[in-house]
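Shown next, in structure tokens, is the structure this report addresses.
The values are calculated or read from the model by the stated rules, or taken from the named source; none is laboratory data. The structure presented is a predicted model; accordingly, all values stated were derived computationally and were not measured. Don't worry about glycine lacking a Cβ; one is built from the backbone with ideal geometry, like all the others, and counts go over all protein chains shown. In case anyone asks, the SASA skips ligands and DNA or RNA and just uses the protein heavy atoms, side chains included. Shrake-Rupley method; radii C 1.70, N 1.55, O 1.52, S 1.80 Å.
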Amino acid sequence: MTSHLRHLALGTVLPAFEGTTAPQWLLDLLREGLGGAILFGRNIVSPPQVAALVRQILDARPDAVVGIDEEGGDVTRIHHDSGSPYPGNRVLSENDDLDATRAVGRGIGAELRDLGVNFNLAPIGDYVTSPTSPITTRSYGRTPQANAEHAAAWIEGLQSAGVAACLKHYPGLGGSLLDSHLSLGRVTAERADFESEHLRTFVRAAGANVASMMTAHVVIDCLDPGVPTTLSETVIGDLLRDEIGYDGVVISDALEMRGVLDHASSLPAAAVGALRAGVDALCLGAEQYEEATRAVVEAIVAAAESGALPVERLEEANRRIQAMARAYPGTPDAPGATDTTAERSIALEAAWGATVREGDVSIAGGAVHVLTFDDRTSIAAGPVPWGIGPELRAAGVPFHDLVLSPPIHGLPDLSGVAPSDVVVAVVRDLPLHPRSAEVFERLRAPRLVVVDMGYPGTEYPHATGVIRTFGASRASSAAAVRALTETV
């Protein structure tokens, strides 16, 4: 019995690992029945290397789930060294072309499938309305209806390319202003408002047959005021399974995040609690490796042996995970085999279609000084390059490059800027970075153009012109440079 329970317990766990090849402990556990693994930027060097890595995993377990966070926009793993060529969600919502959104999902899916990755932990379904939300432009936002329809279109595109989608973070994290990596948030909206603004995207995706949903480490007062969703039988079992009728895979957000550990006593306890609540797959996150994986498996087996966790719950979870893996197998022997030129072209046009210009944004007539406030958007995004420098160089525009890296205390000396020169301040999500916002307020130049690559709404009264791109991907950077250099 213990051997059978261990196999079932292993089948629910998706850990991370270090290195660009699969470590021996991971391969050994995969052969025993480990559900799969999650890839991060540190595991990725090149397409052939990723394909070889995924082949190692699938050789050890042919129906393994190989997951990744590839949202496009600010959150990218396979393009972590240069930035994503695909715009993020708010860009696609502002562009408001469902076919373009579908094409972006399809392009990302094709690239992942050719690497053998069969499970994408994307897109974000959270509906965000505040510039101080840590999710910012990862949300489609704009309106609840746009949020739901663009999420469904992106999912359709991704899954049409042969990669399982995962809509996150069920039932909607957008009403919380706290980062779940750091603390347990709470959404206080009334039930009717929560359903119309937040839950509707997940209901729409369930109808679009999304393969998976990821739980939010947040308390939703109108649904279960005492328990974060990841541990709530009410929000997962009663609402998602019974009322909405969703039978796809439910995966936890990373279990080492404080949003769940602030409620559970330990990582293994959180894993058991999540399974009991109705979660199928356990994401152990970015820095939980062999020791954590084995501890979680042991805790699951012990809970099943004691009767605290029904064996039927483990069997159900394994059934769903294996069905998803069989439906989306990936093709790891063909990196770059699919031509995504058309999808990347559509992505560039979508980024341009979303771009807004206010006032005089031309950089003609003098020297150009690019001042980048290099704030990171979130823990989820990680240290992915952004800004407009590479695109300006590609366009043949000479400029002086000034980068302010956190912690930002003051402006560089701009006394040499001539009246005819242009200072281009590149910012994103200043409301999330008070120190940068304070420094920016002191910035003055005869000609000041702001390139805002973050959440919309911030005003810049002392700027001569503003470009809003609603995202910081390479596609959005190209759109910003086009706006700076194009004669209107």
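Does G416 meet the test of being closer than 30 Å to L34 by Cβ, open to solvent by 60 Å² or more (accessible area, probe 1.4 Å) and not basic (K, R)?
Working: closer than 30 Å to L34 by Cβ: no; open to solvent by 60 Å² or more (accessible area, probe 1.4 Å): yes; not basic (K, R): yes.
Answer is no for this residue.
For the criterion of being out of contact with any helix residue (DSSP H, G or I) (no Cβ under 6 Å at 6 or more places or on another chain) and over 16 Å from A380 (Cβ atoms), T136 fails.
How many residues does the range 51-92 contain that are of a type outside the set (A, V, I, L, M, F, W, C), more than 17 Å from E343 (Cβ to Cβ) and either touching a residue at least 40 places away in the same chain (Cβ under 8 Å) or surrounded by fewer than 20 Cβ atoms within 10 Å (Cβ to Cβ) (or both)? Number of matching residues: 12. Apart from one condition, T234 fits all of (1) of a type in the set (S, T, N, Q); (2) part of a helix (DSSP H, G or I); (3) within 30 Å of E111 (Cβ to Cβ); the exception is (3). If you go through the range 23-45 and keep only what is open to solvent by less than 40 Å² (accessible area, probe 1.4 Å) and under 27 Å from A337 (Cβ atoms), you end up with L26, L27, L30, G35, G36, A37, I38, L39, F40, G41, N43, I44. Taking the criterion of being more than 18 Å from P228 (Cβ to Cβ) and open to solvent by less than 10 Å² (accessible area, probe 1.4 Å), the only residue of the range 271-294 that qualifies is T293. Of all residues assigned to the range 187-198, none qualifies as being touching a residue at least 40 places away in the same chain (Cβ under 8 Å), of a type in the set (F, W, Y) and more than 15 Å from I124 (Cβ to Cβ). Summed over the range 93-113, residues that are open to solvent by less than 10 Å² (accessible area, probe 1.4 Å) and either more than 17 Å from the chain's Cα centre (by Cα) or of a type in the set (A, V, I, L, M, F, W, C) (or both) total 6.
Is it true that some residue in the range 266-281 is within 19 Å of V296 (Cβ to Cβ), in contact with a Lys or Arg (Cβ under 8 Å, 6 or more places away or on another chain) and assigned to a loop (DSSP other than H, G, I, E, B)? For the range 266-281, residues within 19 Å of V296 (Cβ to Cβ), in contact with a Lys or Arg (Cβ under 8 Å, 6 or more places away or on another chain) and assigned to a loop (DSSP other than H, G, I, E, B): present. Within the range 415-428, residues that are part of a strand (DSSP E or B) reach partners that are modelled with pLDDT of 95 or more and of a type in the set (S, T, Y) with beta carbons closer than 7 Å, at six or more positions or on different chains, in the pairs V426/T372. Taking the criterion of being acidic (D, E) and modelled with pLDDT of 95 or more, the residues of the range 291-308 that qualify are E298, E305. When the range 395-410 is filtered for residues that are within 27 Å of R474 (Cβ to Cβ), assigned to a loop (DSSP other than H, G, I, E, B) and more than 28 Å from the chain's Cα centre (by Cα), the ones remaining, listed by number, are A395, G396, V397, P398, F399.
Evaluation of D224 against the conditions (1) touching a Phe, Trp or Tyr at 6+ places or on another chain (Cβ under 9 Å); (2) open to solvent by 20 Å² or more (accessible area, probe 1.4 Å) shows that the sole unmet condition is (1).
Restricted to the range 162-198, and to residues that are aliphatic (A, V, I, L, M) and open to solvent by less than 10 Å² (accessible area, probe 1.4 Å), which residue is farthest from S133 (Cα to Cα)? Give the steps one after another, and end with the answer.
Step one: filter the range 162-198 for residues aliphatic (A, V, I, L, M), giving 163-165, 167, 173, 177-178, 182, 184, 187, 189, 192.
Still in the list and also open to solvent by less than 10 Å² (accessible area, probe 1.4 Å): 163-165, 167, 187.
Details: V163: 29, A164: 27, A165: 23, L167: 18, V187: 12 Å.
If we take residues in the range 162-198 being aliphatic (A, V, I, L, M) and open to solvent by less than 10 Å² (accessible area, probe 1.4 Å), then V163 is farthest from S133 (Cα to Cα).
Can you name every residue in the range 64-104 that is more than 18 Å from V163 (Cβ to Cβ) and of a type in the set (A, V, I, L, M)? Result: V91, L98, A100.
Evaluated against (1) open to solvent by 10 Å² or more (accessible area, probe 1.4 Å); (2) more than 17 Å from G454 (Cα to Cα), L392 falls short on exactly one condition, (1).
Restricting the range 137-161 to residues that are over 29 Å from A334 (Cα atoms) and part of a loop (DSSP other than H, G, I, E, B) leaves a set whose member that is most open to solvent (accessible area, probe 1.4 Å) is R142.
Every listed requirement among (1) out of contact with any strand residue (DSSP E or B) (no Cβ under 8 Å at 6 or more places or on another chain); (2) open to solvent by less than 10 Å² (accessible area, probe 1.4 Å) is met by P123 save one, (1).
Across the range 40-91, the qualifying residues are those that are of a type in the set (S, T, N, Q) and part of a helix (DSSP H, G or I), and the one among them that is farthest from V104 (Cα to Cα) is Q56. Within the range 312-335, is even one residue touching a helix residue (DSSP H, G or I) at 6+ places or on another chain (Cβ under 9 Å), among the acidic types (D, E), under 30 Å from G465 (Cβ atoms) and open to solvent by 60 Å² or more (accessible area, probe 1.4 Å)? So far as the range 312-335 goes, no, none of its residues is touching a helix residue (DSSP H, G or I) at 6+ places or on another chain (Cβ under 9 Å), among the acidic types (D, E), under 30 Å from G465 (Cβ atoms) and open to solvent by 60 Å² or more (accessible area, probe 1.4 Å).
Going by the conditions given, is A381 within 22 Å of G41 (Cβ to Cβ), among the aliphatic types (A, V, I, L, M) and not in a strand (DSSP E or B)? It is true that A381 is within 22 Å of G41 (Cβ to Cβ), among the aliphatic types (A, V, I, L, M) and not in a strand (DSSP E or B). When V384 is tested against (1) β-branched (V, I, T); (2) under 18 Å from T464 (Cα atoms); (3) open to solvent by less than 20 Å² (accessible area, probe 1.4 Å), only condition (2) is not met.
Among the residues of the range 157-171, those identified as more than 12 Å from D126 (Cα to Cα) and either modelled with pLDDT under 95 or more than 17 Å from the chain's Cα centre (by Cα) (or both) are S160, A161, G162.
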